[in-house]
Amino acid sequence: MLKARPDIQQVAVTLNYAKVTGSASVQDMIKTIEQADYQGKVATQPDITLQLTGLNCRNCVNKTQQTLENISGVAARHSNHSNSSNFWYCPSPQS
């Protein structure tokens, strides 16, 4: 349903999250999801938080980000370069 929108270039969906690339607004994406009889909301709390150290430059951050985003199950992320924190929105590992 989201892939059919002309303002969305890429979608990766897991059972709990969707990572979307494009120019569609959050409200429009949620409306599209609801029209398909599903529910959607903005993820506000990460399931996994990584504190990274040793990233000395922007290139280090970019390489690390690309590596982590290629891990199966990672749906979205938020990075803070000033304190090297990364918040990953993905299902928590089952204990």
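Tabulated results
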read-out: Close pairs (6 angstrom Cβ cut-off, 6 or more residues apart or separate chains): assigned to a loop (DSSP other than H, G, I, E, B) in segment 5-22, polar (S, T, N, Q) anywhere; value: Asp7/Ser23
read-out: Residue that is farthest from the chain's Cα centre (by Cα) [pool: residues in segment 19-34 that are of a type in the set (S, T, N, Q) and within 28 Å of Leu68 (Cβ to Cβ)]; value: Thr32
read-out: Per-region count, segment 52-72, residues under 20 Å from the mean Cα position of the chain (by Cα), in a loop (DSSP other than H, G, I, E, B) and surrounded by 13 or more Cβ atoms within 10 Å (Cβ to Cβ); value: 1
read-out: Meets criteria (at pLDDT 85 or above and either touching a Ser or Thr at 6+ places or on another chain (Cβ under 6 Å) or of a type in the set (Asp, Glu) (or both)) for Asp47; value: no
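The values are calculated or read from the model by the stated rules, or taken from the named source; none is laboratory data. All values derive from a computational prediction rather than experimental measurement. Cβ: placed from backbone, ideal geometry, glycine included. Neighbour counts: every protein chain shown.
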